[in-house]
Amino acid sequence: MKILAIESSCDETAVAILEGKGKKIKILANVVSSQIAIHQKYGGVVPEIAAREHILNIIPVINEALVLAKINKHEAPKKIKAIAVTAGPGLITSLMMGVETAKTLAFAWNLPIIAVNHIEGHIHAAWLATKTPELPAIALTVSGGHNMIVEIKSSLKYKIIGDTRDDAAGEAFDKAAKILGLGYPGGPAIAKAALKADKNKLATKKINLPRPMLNDPSSDFSFSGLKTALFYAIKKDKAWSKFIPEYAYEFEQAVADTLTRKVVKAAQRTNAKTILLVGGVSANLVLRQKLKKTIEEKLPKTTFIVPPFEYTTDNAAMIAVAGYFKFLNNQTFSWQKLTANPNLTLK
Ligand code: KG4
Ligand code: ZN
């Protein structure tokens, strides 16, 4: 059976088509129309512009996905069994574009709707990796809008055991990049700058940023102070602009160290069989490597799974996977009952 999925919670208009047979899933199309270039000049996402762009992009993106999946438009109502869509959390005007489109398609094609939580979607990107996650699992979901440790004891059942008390890691990357004049989005910009860090300069400069909340017994995070520490460090340093790669390096290390230590502790506490690293920040190579190495050392029996790069930042394939599992679990309803919820919580 095939599912068409829509994701529009922030600045990516995305549509995917998944084919599922029992536990086997295959992505037939994964189209993402990114608005990064448009928002870049404002240094972040402008909600009104994002919503307007979604309106322009959504139909062409659906058409492209149908072509890639080799589904003739007129046959779509027969070939597709359900419409999955991100219902929240996210920017309300952005979410509404995807939700209204999904409702219209479900009405016109007479199909059931599956509402997917955006974070639940990110978690399910892990099911697109080569290894299938075994439960119970611990998921570190890190992106621009969220930063959680989620325990998954059985399919589609989530328990949030850690959250950020202020900024998410991706948000911290974005703000740090702004401080260092590196542009938007900050995660890839910091990672690129950090690659140019000079070992000698690092040794002599001794930039020391904090690893927040490591001594706190909870699984919570707090990245706002780390960003402020960077701000004051460069304010005190008249020559800071000559050390941008070194500051970026230390910032990236501080975020990766903190996330790694917290998620490994949570996995130890909960006896997780698998650790999943998902969300936009999971594209970060330093974090991937650090977490992989720490798991190999401290939890050699635990499997580490991270999705392929194209499923790390916002996409609709991850929504399609979560949607497919929810379909199998009879979590579908009629289009009249669907509303976008910017504050949707993970349950
Ligand atoms: O999942 P996502 O596309 O959107 C949200 O749900 O928020 O994540 C976007 C976030 C941004 O904050 C961006 O800076 C961060 O993911 N990001 C990265 C990398 N690529 C994207 N952070 C660190 N390193 C990266 N390579
Ligand atoms: Zn996301």
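The values are calculated or read from the model by the stated rules, or taken from the named source; none is laboratory data. Here the structure is a predicted model, which means the values were calculated and not measured. Every residue, glycine among them, receives a Cβ derived from its backbone with ideal geometry; neighbour counts consider all protein chains shown. What goes into the accessible areas is simple: the full protein's heavy atoms, side chains included, and nothing from ligands, DNA or RNA. Shrake-Rupley method; radii C 1.70, N 1.55, O 1.52, S 1.80 Å.
Observations on the structure shown:
- For region 67-88, filtered to residues that are in contact with a helix residue (DSSP H, G or I) (Cβ under 7 Å, 6 or more places away or on another chain) and assigned to a helix (DSSP H, G or I), the residue that is farthest from Leu344 (Cα to Cα) is Lys73.
- Remark: Glu250 matches the filter, which requires a residue to be within 16 Å of ligand 1 (Cβ to nearest atom) and open to solvent by less than 30 Å² (accessible area, probe 1.4 Å).
- Single match in Gln268, Gln331, Gln336, Gln289 (criterion: of a type outside the set (A, V, I, L, M, F, W, C), at pLDDT 95 or above and within 16 Å of ligand 1 (Cβ to nearest atom)): Gln289
- Residue within region 115-125 that is open to solvent by 50 Å² or more (accessible area, probe 1.4 Å), more than 16 Å from ligand 1 (Cβ to nearest atom) and of a type outside the set (S, T, N, Q) present: no
- The helices (runs of 4 or more DSSP H) found entirely in region 238-347 that carry 3 or more residues being in contact (Cβ under 8 Å) with a residue 60 or more places away in the chain and within 23 Å of Val15 (Cα to Cα) are 317-328.
- Annotation note: of Ala189, Ala139, the sole residue that is assigned to a helix (DSSP H, G or I), within 16 Å of ligand 1 (Cβ to nearest atom) and in contact with a Leu (Cβ under 9 Å, 6 or more places away or on another chain) is Ala189.
- Scanning region 1-43 for residues that are open to solvent by less than 10 Å² (accessible area, probe 1.4 Å) and in contact with a Phe, Trp or Tyr (Cβ under 8 Å, 6 or more places away or on another chain) turns up Ile3, Leu18, Gly20, His39.
- Only one entry of Ala129, Ala125 meets the criterion of being away from ligand 2 (no atom under 12 Å from the Cβ) and either touching a residue at least 24 places away in the same chain (Cβ under 8 Å) or over 18 Å from Phe333 (Cβ atoms) (or both), and that entry is Ala129.
- Filtered by the rule that a residue be at pLDDT 95 or above and in a loop (DSSP other than H, G, I, E, B), region 196-210 gives Lys196, Ala197, Asp198, Ile207, Asn208, Leu209, Pro210.
- Residues that are under 14 Å from Met213 (Cβ atoms) and not basic (Lys, Arg) within region 265-279 comprise just one, Ala266.
- Every residue from region 226-237 that is free of Cβ contacts under 8 Å to residues at least 40 places away in the same chain and part of a helix (DSSP H, G or I): Thr228, Ala229, Tyr232, Ala233, Lys235, Lys236
- Some residue of region 213-224 being more than 16 Å from ligand 2 (Cβ to nearest atom), in a helix (DSSP H, G or I) and in contact (Cβ under 8 Å) with a residue 24 or more places away in the chain: yes
- Selection over region 47-77 of residues that are more than 19 Å from the chain's Cα centre (by Cα), surrounded by 17 or more Cβ atoms within 10 Å (Cβ to Cβ) and of a type in the set (A, V, I, L, M) gives a count of 9.
- Selection of region 267-278 for residues being open to solvent by less than 20 Å² (accessible area, probe 1.4 Å) and either within 16 Å of ligand 2 (Cβ to nearest atom) or not small (Gly, Ala, Ser) (or both) yields Thr274, Ile275, Leu276, Leu277, Val278.
- Filtering Asp167, Asp163 for residues that are touching a residue at least 40 places away in the same chain (Cβ under 8 Å), in contact with a strand residue (DSSP E or B) (Cβ under 7 Å, 6 or more places away or on another chain) and surrounded by fewer than 24 Cβ atoms within 10 Å (Cβ to Cβ) leaves a single hit, Asp163.
- The sole residue among Ala193, Ala239 that is at pLDDT 95 or above and surrounded by 14 or more Cβ atoms within 10 Å (Cβ to Cβ) is Ala193.
- Candidates Val281, Val264: the one that is within 16 Å of ligand 2 (Cβ to nearest atom) and hydrophobic (A, V, I, L, M, F, W, C) is Val281.
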